[in-house]
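> Mind looking over this structure? Questions follow.
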Amino acid sequence: MNISLIIGSLSKQSINRSIANYIVAQFPAEVKVQEVRIDDLPLYTQDRDKESVAEYDRVREQIKMADAVLIVSPEHNRAIPAATKNIIDIASRPYGQNLWQGKKVAIVTASPGAYGGINAGLQIRQSLQSIGANVLISPEIFLSRATQALNEQGEVADERTAGFLSKFAQTFIQWAKA
Ligand SMILES: Cc1cc2nc3c(=O)[nH]c(=O)nc-3n(C[C@H](O)[C@H](O)[C@H](O)COP(=O)(O)O)c2cc1C
């Protein structure tokens, strides 16, 4: 079982990376996780469809080979962060080569604020569903007050949060296998 992991934050201190690390650590040992690096991707334009762009080839291959994709993303100004949208666009093109078609995808958002990045989470879902992805709807996670769940090392320390992230990890892997 191959899972491709997209962390929608380019920040070195990313709370979404901390949350993703915890979720991935709960996966059974046989699950292989590969991070899809998005910080070096040129902004997508269809003008590049006829060129070979090494960074695009790399991430498209990672999405293609994945049994399922896990996206853990922040919210920027009540919307999908540009870097998260860019990888969605890159893997949806060239026209006719949409890699999201039928792809199993789970979406998690986390924020220090009260709304847990729910706007970004729902927008990511809407965008992916519009291009045929099979998005996990339940459980859905929009983790509010996320910094309060982390210790000084940036690890998930809050028991309740750890509990539902573990449950999410199990459900996601069972669903991805089915
Ligand atoms: C440009 C920008 C816009 C933001 N807008 C929102 C927002 O709309 N909603 C929200 O909950 N947090 C917002 N934040 C705060 C982020 O949730 C916070 O920076 C968080 O640490 C981002 O996740 P990360 O640490 O994984 O990068 C914004 C942050 C930035 C840099």
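Only the coordinates and a few stated rules stand behind these numbers; no lab work does. Computed from a predicted structure; not experimentally measured. Cβ: placed from backbone, ideal geometry, glycine included. Neighbour counts: every protein chain shown.
> What does the charge add up to near Ile88, with Lys and Arg as +1, Asp and Glu as -1, over the other residues with Cβ less than 13 Å from its Cβ? Each step should come with its number before you reach the end.
On the way: positive: Arg60, Lys85, Arg93, Lys103, Arg125; negative: Asp89.
Here the count lands on +4.
> Summing Lys, Arg as +1 and Asp, Glu as -1, what charge do residues with Cβ under 10 Å from the Cβ of Gln123 carry, Gln123 excluded?
Values: positive: Arg78, Lys85, Arg125; negative: Glu75.
So the environment of Gln123 carries a net charge of +2.
> How big is Rg to Rh over region 127-174, alpha-carbon atoms, Rh as the Kirkwood inverse-mean-distance radius? Don't skip to the answer; put the middle values down first.
On the way: Rg = 13.6 Å, Rh = 12.5 Å.
Dividing the radius of gyration by the Kirkwood radius yields 1.09.
> With all pairs of different alpha carbon atoms counted, what Kirkwood hydrodynamic radius in Å does the chain show?
Value: 16.3 Å, from the Cα pair sum.
> Listed highest first by mean packing, meaning other Cβ atoms within 10 Å per residue, what order do 4-16, 103-115 come in? Present the calculation step by step, with values, prior to reporting the outcome.
Values: 4-16: 19.1, 103-115: 21.4.
So the order, starting with the most tightly packed, is 103-115, 4-16.
> Here's a follow-up. For n ≥ 4 DSSP H runs only, could you compute -39500 (n - 2.57) per run for the chain, divide by its residues and tell me the 222 nm figure to the nearest 500?
It lands at -12000 deg cm²/dmol.
> When ranked by the protection proxy of mean other Cβ atoms within 10 Å per residue, highest first, what sequence do the peptides 80-91, 124-135, 30-41 form? Don't skip to the answer; put the middle values down first.
Numbers: 80-91: 21.0, 124-135: 17.3, 30-41: 14.4.
Highest to lowest by the protection proxy: 80-91, 124-135, 30-41.
> Further, regarding this structure: With a Förster radius of 35 Å, plug the Cβ-Cβ distance of Gln46 and Glu159 into 1/(1 + (r/R0)^6) and report the FRET value to the nearest 0.05.
The value I calculate is 0.15.
> Starting at the first residue of region 154-159, write each ³J(HN,Hα) from the Karplus equation 6.51 cos²θ - 1.76 cosθ + 1.60 with θ = phi - 60°, in whole Hz, x for Gly and Pro.
Running phi through 6.51 cos²θ - 1.76 cosθ + 1.60 with θ = phi - 60° gives x, 9, 5, 10, 6, 4 Hz.
> Working out 0.36 nm times the residue gap between Gln97 and Lys177, then minus their Cα-Cα distance, what length gain in nm do you get to one decimal?
Taking 0.36 nm per residue and subtracting the Cα distance, the gain is 26.4 nm.
> With θ set to phi - 60°, apply the Karplus curve 6.51 cos²θ - 1.76 cosθ + 1.60 along region 78-86 and write out the HN-Hα couplings as whole Hz, x wherever there is a Gly or Pro.
Running phi through 6.51 cos²θ - 1.76 cosθ + 1.60 with θ = phi - 60° gives 6, 8, 5, x, 4, 5, 5, 5, 4 Hz.
> Which value, in debye to the nearest 20, gives the size of the charge dipole of the chain about its Cα centre, when Lys and Arg are +1 and Asp and Glu are -1 at the Cβ?
Around 360 debye, computed over the chain.
> Something else about it: 5 Å is the cut-off here: which amide hydrogens, built 1.01 Å from N in the peptide plane, fall below it relative to Val105, excluding neighbours closer than 5 in sequence?
Val69, Asn134, Val135, Leu136
> Right, another one. Return the whole-Å distance between the Cα centroid of region 141-178 and the Cα centroid of region 58-129.
18 Å
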